[in-house]
1. Looking at the range 20-33, can you tell me whether even one residue there is buried (at least 24 other Cβ atoms within 10 Å of the Cβ) and among the β-branched types (Val, Ile, Thr)?
2. Of all residues in the range 405-423, which are over 19 Å from residue 462 (Cβ atoms) and either open to solvent by 10 Å² or more (accessible area, probe 1.4 Å) or not in a helix (DSSP H, G or I) (or both)?
3. So for the range 295-311 (the condition being closer than 21 Å to residue 47 by Cα and either among the hydroxyl-bearing types (Ser, Thr, Tyr) or in a strand (DSSP E or B) (or both)), does at least one residue qualify?
4. Collect the residues in the range 105-118 that are over 11 Å from residue 279 (Cα atoms) and out of contact with any helix residue (DSSP H, G or I) (no Cβ under 6 Å at 6 or more places or on another chain), keeping them in residue-number order.
5. Name, by its number, the condition in (1) within 12 Å of ligand 2 (Cβ to nearest atom); (2) open to solvent by 40 Å² or more (accessible area, probe 1.4 Å); (3) of a type in the set (A, V, I, L, M, F, W, C) that does not hold for residue 257.
6. Looking only at the range 91-114, how many residues end up being open to solvent by less than 80 Å² (accessible area, probe 1.4 Å), in contact (Cβ under 8 Å) with a residue 24 or more places away in the chain and not polar (S, T, N, Q)?
7. So, of the residues in the range 308-326 that are within 13 Å of ligand 2 (Cβ to nearest atom) and open to solvent by less than 40 Å² (accessible area, probe 1.4 Å), which turns out to be nearest to residue 117 (Cα to Cα)?
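The values are calculated or read from the model by the stated rules, or taken from the named source; none is laboratory data. All values derive from a computational prediction rather than experimental measurement. We place every Cβ from the backbone using ideal geometry, glycine too, and count neighbours over all the protein chains shown. Note: accessible area is taken over every heavy atom of the protein model, side chains too, but ligands, DNA and RNA are not part of it. Shrake-Rupley method; radii C 1.70, N 1.55, O 1.52, S 1.80 Å.
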Amino acid sequence: MAEAAYDVVIIGAGPGGYNAAIRAGQLGLKAAIVEKGPTLGGTCLNVGCMPTKALLHSSELFEQANNEFAHIGIEVKPKLNLGQMHKSKDDSVEALTKGIEFLMKKNKVTVVTGYGKIAGTGKVEVEAADGTKTVLETKNIMIATGSEPTPLPGVAFEDGKIIDSSGALFLPKVPKHMVVIGAGVIGLELGSVWRRLGAEVTVVEYLDKVGAGMDAEVATAFQRGLTKQGLKFKMSTKVTGAKTSKDGVELTVEPAAGGAAETIKGDVVLVAIGRRPFTAGLGLETVGVTPDARGFIANDHFKVADGVWVIGDVTHGPMLAHKAEEDAVAAIELMVGKAGHVDYTLVPSVIYTSPEVAWVGKTEEALKAEGVNYKKGKFPFAANSRAKINHETEGFVKVLADAATDKVLGVHIFGPQAGELIGEACMTMAFGGASEDIARTCHPHPTRSEAVRQAAMGVEGWTMQA
Ligand code: FAD
Ligand code: NAI
């Protein structure tokens, strides 16, 4: 039998795929990566993490210039140049996707542009845009095809009117009234962006809590904060239909528990009710693989069949870029006989609103449901000197630890730079650390990180500053 040309062919060049390619290159594997899109980087770099963070950053500065600068003695009259804001975002995205091209070259990874389809064990057929087909022979196939927005029945996507997150990244003008369906991560991040830029924003959510599974105490404070900023919420409500006209969209909604229907009119509707795995035309049947009922490809230590592996959004676990990256490194290391492992219970979540929300580990509700005896320490940013000086006093840190062993079980932060602060909680928990470990570790003053330490001190019963 002829020697396979590649050790691994990766299908999809998002954070899962490109990190797998880099690790494969580092470990001396001959790797190719197949991408159907015009640029590398997948959802995250092109229409996900990075462009949303660019718009969140710019719109937050706009809001600060409008509402906060005068208070600290800076008088300006900001004027929105949306075209330039989009250009700045697009330039950053381009620089990042070019960076991935550079990393592929540096790690000697062959980039193949086209639609990848598994054509039996050890074969990936790639169809280029002009219809040309090439077959890549490989010892291993790595599926990293990611996810796509979940559509809402009865609310069909329509350009510029009923849009998904990608549409909301490129709106050419600020909507008068944006209706967001889904108070999860996308709805709250992109809803915040357009509200800051001048839109009235109404969020319709099926559940009675925002934040798709976050700790309930945090969710309540978070929703209160967003409401103060001007977001409107219609909770415990389901959308049953949509009608579009030249003036916009009319949604029919009713209480989730049943009841009288009403209508909500908006010029733009953003559907953000979750994402689903993307496996269209992948040829899974040629290697005897069937996705589960929800479309995910199940795996056993990232393996799905002989010589076939899967990572990232298309398989189980949180649908996050850093989880895809962890999967990638672990799967490639297992492929070469090393001991790759990912602990999904320690994957942090961050919502990049202002203030941010970040958490890792168990919520209080989960601990109660599991009957775990836990201690709780809570510290408000209103008592943190750096937050006070910077006028960022909204929110708190909550540390949950095992009542008997003091092992940290969960950390929940609603407050300034929560996403940066959660790292030390991840590290502590990865080492199986105790709350006292955080409480007895010297933290720099004056920083927001002292609030994390003070919350951990609270678990021990000796908070110093509140
Ligand atoms: P993807 O990034 O989706 O990449 C899959 C790639 O495979 C795509 O480029 C696709 O074109 C390609 N592909 C698919 N099928 C084929 C095929 N048959 N042949 C060739 N190519 C194929 N996560 C975070 O951690 N932090 C954030 O701040 C964050 N913000 C987000 C904001 C938005 C608006 C969205 C939508 C998502 C966000 N995410 C964020 C989630 C994050 O983008 C995903 O979890 C991450 O991109 C998953 O990586 P992946 O490699 O599994 O898949
Ligand atoms: P999500 O799962 O975060 O939130 C979806 C929300 O929609 C939930 O609150 C859910 O209850 C609600 N919902 C579902 N069906 C509904 C219906 N019919 N009517 C009204 N509400 C309904 O999903 P989202 O926001 O679409 O994000 C998708 C994925 O992208 C997430 O898994 C997230 O991890 C990832 N992402 C991550 C970001 C980050 O890390 N900062 C930013 C953006 C996305």
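1. Yes; the residues of the range 20-33 include at least one that is buried (at least 24 other Cβ atoms within 10 Å of the Cβ) and among the β-branched types (Val, Ile, Thr).
2. Scanning the range 405-423 gives 409, 410, 412, 413, 414, 415, 416, 417, 419, 420, 421, 423.
3. no
4. 105, 106, 110, 112, 113, 114, 115
5. Result: residue 257 passes all but (1).
6. Final tally of qualifying residues: 10.
7. 314
Condition check ((1) open to solvent by less than 30 Å² (accessible area, probe 1.4 Å); (2) away from ligand 1 (no atom under 12 Å from the Cβ); (3) within 20 Å of residue 48 (Cα to Cα)) across all residues:
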{"site": "120", "(1), (2), (3)": "yes, yes, no"}
{"site": "124", "(1), (2), (3)": "yes, no, no"}
{"site": "132", "(1), (2), (3)": "no, yes, no"}
{"site": "142", "(1), (2), (3)": "yes, no, no"}
{"site": "206", "(1), (2), (3)": "no, yes, no"}
